1. Based on the mean of other beta carbon atoms within 10 Å per residue, what is the order of 49-61, 89-101, 292-304, most packed first?
2. If each residue of separation counts as 0.36 nm, what is the full-extension length gain between Ile160 and Arg176 once their alpha-carbon separation is subtracted?
3. Could you state the number of Å between the C-alpha centres of region 461-498 and region 130-175?
4. For the chain, list the cysteines whose Cβ sits under 4.7 Å from no other cysteine Cβ?
5. Which one of Trp494, Thr117, Val243 is farthest out on the positive end of the charge dipole of the chain, using unit charges on Cβ (Lys, Arg +1; Asp, Glu -1) and the Cα centre as origin?
6. Expressed in whole Å with the largest first, what are the equivalent ellipsoid semi-axes of region 221-380 derived from the C-alpha gyration tensor as the square root of 5 times each eigenvalue?
7. Divide, for the chain, the radius of gyration over alpha carbons by 2.2 N^0.38 Å, where N is the residue count.
8. Determine the dipole magnitude for the chain: charges of +1 sit on the beta-carbon of Lys and Arg, -1 on that of Asp and Glu, nothing else is charged, the reference point is the Cα centre, and the result goes in debye to the nearest 20.
Amino acid sequence: MRLAPAVDGLTSRRARIPRPRASTEKTTPAHPRIVRAPLSLTGAGLAAVFFCLAFTPSLLPRTGILQGVVAGITAAMGYALGTAIGALIRIRFTFSARAVRIWWRVLAVLLLPMIATCLVLGVRWQRELRLRLGMAPAQEYDIVRTVGAGLLTFGVLLLIARLLRLATHGCAQVFRLIVPDRAAYCAGTVVVAVLSYSAFDGLLVAHLFAVADRSAAVINSGTESGMRPPESPLRSGSPQSLVRWDTLGRQGRAFVASAPTRQELSEFAGRPAAEPIRLYAGLASADTMRERADLIVREMDRTGAFQRQVVALFTPTGTGWVDNKVTQSLEYMYAGNTALVSMQYSYLPSWIAFLGDRSEVVDAASALIMAVRERWSVLPVAHRPKLLLFGESLGTYGMEATFGTAADLADGADGVLMEGPTFANPIHQRLTEDRAAPSPVWDPVHPGLPVDFADDATELRDRPGVPPKVVYLQNSSDPIVWWNWDILWRKPAWLQGERGPDVSPAMHWFPWVTFWQTTCDLVFANQAPTGHGHVYKSATVDGWATVAPPPGWTVADTVRLRDRLGN
């Protein structure tokens, strides 16, 4: 009978024990969310700031879509930096969820008006830059498309970064089975970094270079429309030539077939003109650089090139291209009494040849210049033709590396014209660094050397004193001249003190940001008007008139020739 209360008491005590309820909340996953993780507060803040800075002007104007891509890349760099700063802050401080929400609201209130203001200013800056470079103002600058391109670029880069982080986390989970957590994450980071670099370099870069090489080879084997094998024995590729037409390459065929006619030269000179000599050796013309250079010298002997008034050697760009405005300038100035010579060293674009192997342009320039000088130097001084050298873009690098110093370059010929030198040129770098004060970096002065610089070719017309033997044409808005790795972390000299006439006063230096803006300018440097960017064309008339004017040549003749050649 006493059991009943005990049972009742046990039952009542069990009744008082709360039963577990079915959970309605999602359980926290064992691993952190990476790909779908929310944005970092500090990362988003710096990304927005960098996004705005990307709209400041650079050396050359940009289209709306391109501006969006640049802004997206720049914002991704800001996000990476901000995320790293946020991680360091969280090591020291802890913030509640409520505090984070407040900071997000503050960030929105501050940054949204700033972004809108920068978008409006960006349109104005691009318009002013186009006018400064003599370009027509853009009819439409679609801000919606610009912002869309920026957000898409940022999103893609963020996704790639998070996928790499996810891969790192996965590798770390495997390594945790055998090593401590910190060592596991270090090992995972190293593995993903090595695999990522191998994939990028071995698959993407190597594949792109292979595709570029095949494409360039196909282009090199073609012939521009309207180009036919020359009949004149004074041209390479003619029936009498030692160099076959099919070995010249695309740019070589254009070089020998694009000379002005005797009638055109006579009309400009006002007297009977000679038929100009143009000689060229392509990659397939001989097996080695030296053999091609020797072949050129034999061609010069065959055509009587050393009996002409002028012999000019041209170190071309990567593809073997020589600007026809540059060659025709000399032929018109000397009424065809010229022999123009060039030699191909690659069929790849200059930027690929520059990144791949710069020794080829050095070997080609050295082989051609030395072979011709060896033959030229044994001629009687009174009967030697005027020896001129010309280099453009990557070609200037080959010429500078051939001579080594500015003094040797000046002594190496009767006149040297360098157009759009690259940022890596050794002589150009030393001349820029050792310039006389207070001359600016874009127009350095060297009183002790026969060297002159011109950011505007017309300023050479009224130059006082003894004419220089070496002239550098370098536009103050040419990114190929001014780009450098140092821009990543240091303000460049061309943005300090007096600026070049092409450089916008609204352009300022920001770490990382200015570097990527200038890098983007490299891609479109050849699309600027003449006298801006990496486009010189008829400006070389002033250069030739400075280093090698024919007897009786005047400024009026220079203006007349530039008008005839056009831009």
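None of the figures in this text is laboratory data; all of them are computed from the coordinates on show. On a predicted model such as this, the values are computed, not experimentally measured, just so you know. So basically every Cβ, Gly included, is an ideal-geometry build from the backbone, and we count neighbours across all protein chains shown.
1. 49-61, 292-304, 89-101
2. Working: separation 16, 0.36 × 16 = 5.76 nm, distance 2.43 nm.
The span from Ile160 to Arg176 would gain 3.3 nm if fully extended.
3. 32 Å
4. If one checks each Cβ against the other cysteines of the chain, Cys171, Cys186, Cys520 turn up with nothing under 4.7 Å.
5. It is Thr117.
6. 24, 18, 15
7. Values: Rg = 32.5 Å, N = 567, 2.2 N^0.38 = 24.5 Å.
Normalised Rg, Cα atoms only: 1.33.
8. 3820 debye
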